[in-house]
Each structure stands twice: as structure tokens, then as C-alpha cells.
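Q: Pasting a structure below so you can have a look.
Nothing in this text is a laboratory measurement; each read-out follows from the coordinates by a stated rule. Everything quoted here is computed from the prediction, not taken from an experiment. Neighbour counts run over all protein chains shown; Cβ positions are idealised from the backbone, glycine included.
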Amino acid sequence: MSLRLRAGLITTAVVGAGAVILAQGAAFASVPATPPAAPGHQTSAPADSLRSLASRVGLRIGTAVNTDALASDSDYRSIAATQFSTVTPENVMKWDTIEPTQGAYNWAPADQLVAFAQQNGQLVRGHTLVWHNQLPAWLTAAAPSMTPDQLRAVLKKHITDEVTHFKGKIWQWDVVNEAFNDDGTLRDSIWLQKLGPGYIADAFRWAHAADPKALLFYNDYNIEFTGPKSNAAYSLVQQLKAQGVPIDGVGFQTHLDTQYGLPDLQNNLQRFSALGLKVAETEVDVRTTLPVTAVEQNAQVGGYTSTLQACLAVRDCISYTVWGFGDGYSWVPAVFAGEGAADIYDENLQPKAEYTALQQTLALAAGAQQRGGGDRH
């Protein structure tokens with residue numbers, strides 16, 4: 001199969017081999033039983049589906065969607081519709097797909113995903129407006145000779161045009177994606193080189209002007225761990241808030257690996273929340289070396305369990321999104337040699353122990369208390 005991959009991703013970390021599968025005594029925040037409905041028909045989901053269980057604890061649970069698979073694989077389409085209450089486009093809202101030729105827009109694939117979400121009563125996370133990867137060839141060729149004013153105008157037009165096109169149809173936008181290096185310095189992208197660090201605030205202002213009702217997120221990886229990168233992201237959003245920049249939340253990608261330790265994710269979600277921001281886990285998967293041993297799968301189960309528990313424990317964590325759900329469509333093997341099996345369904349789209357771990361964690365949360373007196377959305 002043909003699968004476009006996110007280039008230049010992650011040195012990420014995550015799960016110790018002895019991870020606990022289910023922490024029965026985890027503390028969960030209080031939220032209402034039913035999140036707001038998305039427009040359109042509400043898909044009939046089984047009572048034990050992730051979608052139904054998450055709704056009982058006031059959480060939106062989502063997946064990134066490969067739109068080629070959505071069109072060609074009926075099993076994939078059925079799972080995407082019934083198991084999840086939000087969808088994120090893997091690629092079809094990225095700039096190189098949206099505007100492959102300057103001034104010529106290719107909205108159709110993203111429009112089809114939005115229509116699918118509306119048909120199934122799902123919300124949409126828009127991904128992503130400003131990134132250093134998957135830029136159209138015409139832009140990467142022209143950018144070095146552009147003046148700062150010219151490049152700023154191109155970026156403003158892109159953000160304004162895309163957000164305007166989807167106005168009223170996007171719940172959360174990843175406005176700026178992966179602006180930091182792991183050492184906490186700003187990434188040396190064309191945006192930083194030409195526009196300086198102020199491009200980040202500008203991007204949020206332009207997106208807000210185009211759709212004032214969409215929630216606007218900064219999104220990054222490795223900020224699940226306290227350290228230079230997480231601290232830099234914290235300082236950035238703290239400054240944006242202080243300056244009155246319209247930022248609503250921070251997305252923690254949460255790409256994990258069983259060869260590393262678990263992050264102090266709940267603490268990081270909470271400290272960003274304390275700034276008055278929503279938080280979300282936006283791209284969760286847990287990769288491991290192949291072939292998978294029982295010990296490694298136990299660690300993967302522990303990774304999924306602990307990341308979901310961290311979100312449930314923080315009231316302002318409004319969504320938990322896995323980065324795809326089937327191993328046969330995963331980006332991991334082509335990027336990390338010898339690794340894979342990162343998703344919650346296997347290559348035949350059968351649920352794995354990782355799926356059951358999410359299912360059981362949600363069921364435990366729902367059974368632990370009657371959720372009320374607050375709203376994640």
C-alpha cells in the first residue's frame with residue numbers, strides 16, 4: 001500500500017518494560033456524562049466501544065485517519081466511524097496537499113473527511129496550519145529568495161484561506177506544529193529564519209480572525225517529559241497568554257517507545273492546564289522492536305493505559321487521539337527501522353490487548369464515580 005509519512009519526526013520516548021497494565025486506584029477528574037454532539041447523524045456505536053465508553057466520562061476519543069484507507073477499506077471505515085468520536089486528517093489538511101500549486105487548492109480529500117465526520121456525528125481536529133515539513137515544492141523553492149514581508153503574506157494567506165474554507169467545521173486546529181528542538185531552542189525553520197519568533201503569535205491571530213469559534217492549539221512531541229523542550233513550550237504559551245494571543249490549548253503528541261521510560265505526563269498536562277489552557281493527547285501510539293515479545297506488548301499496554309489515565313485525571317484534557325489505529329497503516333516501520341506494532345488494532349484490523357487496555361481504563365473510570373459538576377469541552 002502507499003502511505004505518506006510525516007518526515008523528520010521524533011526522537012521520542014516512552015514506556016518501561018515493567019509498566020503497570022491497569023491502575024485500579026487512579027484518580028479521575030469529575031466531568032459530565034455526555035459531551036456536546038457534533039452535527040449530523042450520530043453513528044450507532046456498541047456500548048463497549050471506545051466512543052461509547054469515553055462519552056460516559058465526558059471525553060472525546062479520536063483517531064488520525066488515512067483517507068485512502070477510508071475510501072478503499074470497508075473494515076477500516078467501519079472502525080473509524082464506530083470507535084471514535086473525533087477524527088484528525090493524517091495528511092490531507094497539510095499545506096502540500098491543500099495547495100500543491102500556488103493559488104490552486106485541492107480541498108476535496110479534506111472535504112470528504114469532514115463529510116464523513118459529519119455523517120457520523122464526529123468532531124474534527126484540523127492538522128496542521130504551520131509546520132516545517134510537508135510544505136509544497138513551490139514554497140520551499142521560492143522561500144529563500146522571498147523578503148520577510150513576502151513570506152509573511154504567503155503564510156497569512158495560507159492560514160486565512162484554509163481556516164476560512166473549513167470555518168465552523170473544525171473543533172480544534174493544530175495552528176503551529178513542532179516549533180522547538182529537543183534542547184528547547186526554536187527550530188531553525190524557514191519561518192524562524194525569515195520571520196523571527198513572532199510568526200507563532202501571528203499564526204494564532206490570523207487563525208482566530210478566520211474562525212473565532214475554533215479552538216487553537218500549539219502541538220509538539222516530547223513535551224510529555226519535563227525537560228528543556230517541555231519547559232520551552234511552557235514559557236512560550238505562558239508568554240502568548242500574557243500578550244493576549246488567542247491560544248486555547250496545547251497538544252501533546254505522545255508518540256512513545258517501549259525502550260524508554262514513561263513520561264511524567266499527568267504533571268505536564270496539569271501545569272499547562274494551570275495556565276488556563278485546554279490540553280489534549282493528539283497523536284498517541286506506542287512502538288516497539290519487532291517481533292513483539294510478551295514483555296514488550298505488556299509495556300505497550302502499560303503505555304496506552306497510563307497515557308489515557310493521565311488525560312482522565314486532568315479536567316482540562318478534552319481529547320485523547322491515537323495516531324491511526326491499524327498496524328497495517330502505521331507510519332512507524334518506514335521511519336524507525338525494526339520497530340512497529342504501535343497501534344491498537346493489528347494488521348488485519350483485529351483489536352489487540354492495547355485496545356482492550358483503553359476499553360478497560362474507560363470502563364473503570366466510568367464505574368469509579370458519577371461524573372458531574374464540570375465540562376471538558
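Q: May I ask you to compute the full-extension gain from Leu186 to Glu347, defined as 0.36 nm times their residue separation minus their alpha-carbon distance, rounded to one decimal in nm?
A: Working: separation 161, 0.36 × 161 = 57.96 nm, distance 3.73 nm.
Going from the current span to full extension adds 54.2 nm.
Q: Could you derive backbone 3J(HN,Hα) for region 50-60 from the dihedral phi with the Karplus parameters 6.51, -1.76 and 1.60 (θ = phi - 60°), listing whole Hz in sequence and x where the residue is Gly or Pro?
A: 4, 4, 5, 5, 5, 5, 5, 10, x, 10, 8
Q: Take Ser44 and Thr164, extend 7 Å from each Cα along the Cα→Cβ direction, and tell me the distance between the two endpoints in nm.
A: 4.3
Q: Taking θ = phi - 60°, what integer Hz values does the Karplus form 6.51 cos²θ - 1.76 cosθ + 1.60 yield along region 85-100, in sequence order, with x for Gly and Pro?
A: Calculated HN-Hα couplings, in order: 10, 9, 10, 10, x, 5, 9, 7, 10, 7, 4, 5, 7, 5, 9, x Hz.
Q: I want to verify a result. In a Gaussian network model of the chain, Cα cutoff 10 Å, which of these has the top mean-square fluctuation: Ala115, Ala203, Ala274?
A: Ala274
Q: Could you state the number of Å between the C-alpha centres of region 74-132 and region 308-336?
A: Centre-to-centre (Cα) distance: 17 Å.
Q: Using modelled backbone amide H atoms (1.01 Å from N, in-plane), which distant-in-sequence or interchain residues come within less than 5 Å of Gly261's amide H?
A: Here Val14 satisfy the definition.
Q: Label-point separation (nm) for Asn106 and Thr140, each offset 7 Å from Cα along Cα-to-Cβ?
A: Calculated label separation equals 1.5 nm.
Q: Where both partners of a DSSP beta bridge lie in the chain, what percent of those bridges are antiparallel, to the nearest 5? Write out the running numbers ahead of the final one.
A: Numbers: 5 of 40 bridges.
Antiparallel bridges make up about 10 percent of those DSSP assigns within the chain.
Q: If you compute P(r) over Cα pairs in 20 Å bins from 0, in percent for the structure shown, which of (i) 28, 56, 16, 0; (ii) 31, 61, 8; (iii) 29, 59, 12, 0 do you land on?
A: (ii)
Q: Once phi is turned into ³J(HN,Hα) by the Karplus curve 6.51 cos²θ - 1.76 cosθ + 1.60 with θ = phi - 60°, what whole-Hz value does each residue of region 129-135 show in order, with x for glycine and proline?
A: Calculated HN-Hα couplings, in order: 7, 10, 8, 8, 10, 6, 8 Hz.
Q: Another question about this same structure. Can you order the peptides 357-363, 314-320, 241-247 by their average number of other Cβ atoms within 10 Å per residue, highest first?
A: The most tightly packed comes first, giving 314-320, 357-363, 241-247.
Q: What nm distance separates the two modelled labels at Lys241 and Thr356, each placed 7 Å from Cα along Cα→Cβ?
A: Each label point lies 7 Å from its Cα, and together they span 4.1 nm.
Q: For Gln259 and Gln119, what does the FRET efficiency come to when R0 = 45 Å and r is the distance between their Cβ atoms, rounded to the nearest 0.05? Numbers along the way, then the final one.
A: On the way: r = 40 Å, r/R0 = 0.90.
That pair, Gln259 with Gln119, gives E of 0.65.
Q: In a GNM of the chain with a 10 Å cut-off on Cα contacts, which of Ser306, Ser78, Ser49 has the highest mean-square fluctuation?
A: Ser78
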